[in-house]
Amino acid sequence: LKTLYMSLGNILTTGCLLVLIIFTFSIAGMNMFGQLEEGNFITKNNNFKSFYISMMTLWGASTGENWNGMLHECY
């Protein structure tokens, strides 16, 4: 039980760092890719037009969901 409490701080720190990185890149993505037209991978639920959807798009890309298709459409 003591080990669980000791590792909880590290897990929280890593989670906060991940949220900060996704937050930063979602704002950058809104600035660079906010005006992209919809295609096969950039859809109405997967784009950079609003902050929330941008965060969810980057979360999906970080878990490996169609990130290479989004990469080619943003290119």
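The values are calculated or read from the model by the stated rules, or taken from the named source; none is laboratory data. None of these values were measured; they are calculated from a predicted model. Cβ coordinates were reconstructed from backbone atoms using ideal geometry, including for glycine residues, and neighbour counts include every protein chain displayed. Surface areas here come from the heavy atoms of the whole protein model, side chains and all, with no ligands, DNA or RNA. Shrake-Rupley method; radii C 1.70, N 1.55, O 1.52, S 1.80 Å.
List pairs: first in segment 16-29 and within 15 Å of M56 (Cβ to Cβ), second open to solvent by 90 Å² or more (accessible area, probe 1.4 Å) and aliphatic (A, V, I, L, M), Cβ under 7 Å, 6+ apart or cross-chain?
That search, which allows pairs on different chains as well, returns nothing.
Would you pick out the residues in segment 37-75 that are under 14 Å from F25 (Cβ atoms) and acidic (D, E)?
Scanning segment 37-75 gives no hits.
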